[in-house]
Structure formats: structure tokens, C-alpha cells
């Protein structure tokens, strides 16, 4: 089986390295030229709390994809959700009729993948691990394989039996659950993302530090509660992820809080910066439209509002336009309208 990881940032590089160390045939495809150069020269270095591993793996620039001749049986997407469509178009000529594309991404990218490569070649996935990357060729992985969690699931009858193939490969990078409703599973991850990613980034604080700012935990939780309502409005259902039980499935608000608590206590370290804050610190745009914006859109479609997520979208737009600087003082902007929401 020939495997490609398209998008080898902090998470993609760590997951791909796990597969390569397991003896699988893995190729990295990446859009950051110095990162590719470093991997070619030294290998990919994965720094974890209890160990560091360096793995040699073939790496290619995006501009070199058109020179490749081998086709890939399995492709893992690690690009940002807003880059999904062009990434799928890029790799599509290198797919076999029965190849599979797996989106290891935030947001509801599964349908974007299916639109490009076909639902019969699409596998949905949920990823829960914390990583960061500041230097080319080095990923700082805060959750080693023994602590990382994934879910994978089929969206087409043709892949119903093949999802276990993907789970077996991804199992080298962490614990993998096969979901019988991957869209709902992805929505549950979006619930957490809506609460944590951009809200904490607006304060320019680590996730756990942001949650300790007076009033911020409640604000973040309200974002998550709106996201649960958006999930059900979209036709998805509240369902356990992260190995949770069913105890709070009947109480969406309690379920959102349980999800958020798990992320804060099990998957975050004191220095964990969310991917959105990392994006802003690197001068990149965040996935706010694909996460908080998606919540606003889904509720608007049924005539409902999402004021907390809408405020996050508004402030994030100001940050990305250069009108507002991420800073702890932004807590006043987040909490000021709370009394009228």
C-alpha cells in the first residue's frame, strides 16, 4: 500500500512519521519549502514529552506533484479545512479507482473531499491531538501515539468494509474508533473546536490559561452549546467521541460541557496553543469560517441565531483584517454583550 500525507504540518507530520516508523510506504507532500528541505536533509523530527524520534521519509514540494508517476492507495489530508478542495484536485490524478482519501482535519471537510474525488473514495475522520510547529523539519507533539485519539467512518456503501483498513493504518498513530455515523462524530469535534480554538486565540493565550480568565470558560461553553444545536439542526445527532459514554447524550448542554472538559483535562497541556492562535502568530488566517462560521450558518438556515459564535466570527475578521490585535484585553469585547445575549 502506497500512502501519501498531503499537508505535513504539526499534526500531519507526526501521524505520517508514526506510519513510516511502522514500516509503511509513506510519502510527504508539503507546501512549506524549508520544511521539505529540512525533512530531506535530516528526516522529520518528532519531539514528544517523553521522547524524540527522527524518521527518514520521502518529501515533495507541491510543485513536484505533477512529476510523480506512482499512484497512491491511501491519502491522508492534513491541510487546513479551507484548503481541502484544491488539495484534493492536486492529488486526484494520482489516485486509483479504489484509492481512499481521509481528511484528518477540523471542520466538516468530508463533503468537500467527496465532491472532488467522489464519496466512494472518501473516508471521514476525527483527530484529537495537540501539536505545534515553529521550525522546519520539527514537530512538537504533545500527545504521543499512546494518548492520541481518532475516529474514522465511511460515507458510502462501497467503503463500509474498507474503513477498517484505514483504522489499521491510522492505529500506528493512536487509538482509533470506527464510527457508524462519521458526520455526527465530526460535528461533535466541531462543538469542541467552536468553544476552544478561536475564542482562546482572541486572547492570545494558551487554551487552559484562557479558560481560567474570569467569564471566559462560560463564554467558550456557550459557543459549544450553540454548536450542538447547529449539529442537530444539520441533521446530525449527539453522539459520544473520545471514548466517552452515553450518559449525557440526552442533555446537549451537559454533553457540550463534558466534551470541553475532556479536551481541557486530557488533551491539553499548560502550554498548549490552539491551531488558530498558531495560525495568527504565523501570519496565516484561521479556520474560523469553517468552524464558528459553520455554526452561525447552520442555525441561520433554520431561523435561529448563534450570537456567541457570531461574535467570535466578527472579532476574528477584525484580527485577520489587521484592525484588532489578539490580546488578553479582548475579554472585554467578548463579555460585554453577554448580558444581552
Yes/no for residue 191 being more than 17 Å from residue 314 (Cα to Cα) and either more than 19 Å from the chain's Cα centre (by Cα) or crowded, with 22+ Cβ neighbours inside 10 Å (or both): yes
Residue match in segment 18-32 (condition: modelled with pLDDT under 95 and more than 26 Å from residue 293 (Cβ to Cβ)): no
Single residue of 252, 307, 326 found to be outside the structural domain of residue 144 (by TED's automatic domain parsing) and at pLDDT below 95: 252
Strands (runs of 3 or more DSSP E) completely within segment 68-129 that count 2 or more residues being modelled with pLDDT of 95 or more and more than 16 Å from the chain's Cα centre (by Cα): 72-77, 95-103
Selection count, segment 105-130, where residues are within 24 Å of residue 34 (Cβ to Cβ) and buried (at least 24 other Cβ atoms within 10 Å of the Cβ): 1
Selection from segment 212-240 of residues that are outside any helix (DSSP H, G or I) and either at pLDDT below 90 or exposed (fewer than 15 other Cβ atoms within 10 Å of the Cβ) (or both): 212, 214, 215, 235, 237, 240
Among the candidates 298, 314, 290, residue that is in the same structural domain as residue 333 (by TED's automatic domain parsing) and more than 26 Å from residue 152 (Cα to Cα): 314
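The values are calculated or read from the model by the stated rules, or taken from the named source; none is laboratory data. Bear in mind that the values here come from a model prediction, so they are computed numbers and not experimental data. Glycine gets a Cβ as well: all are built from the backbone with ideal geometry, and neighbour counts include every protein chain shown.
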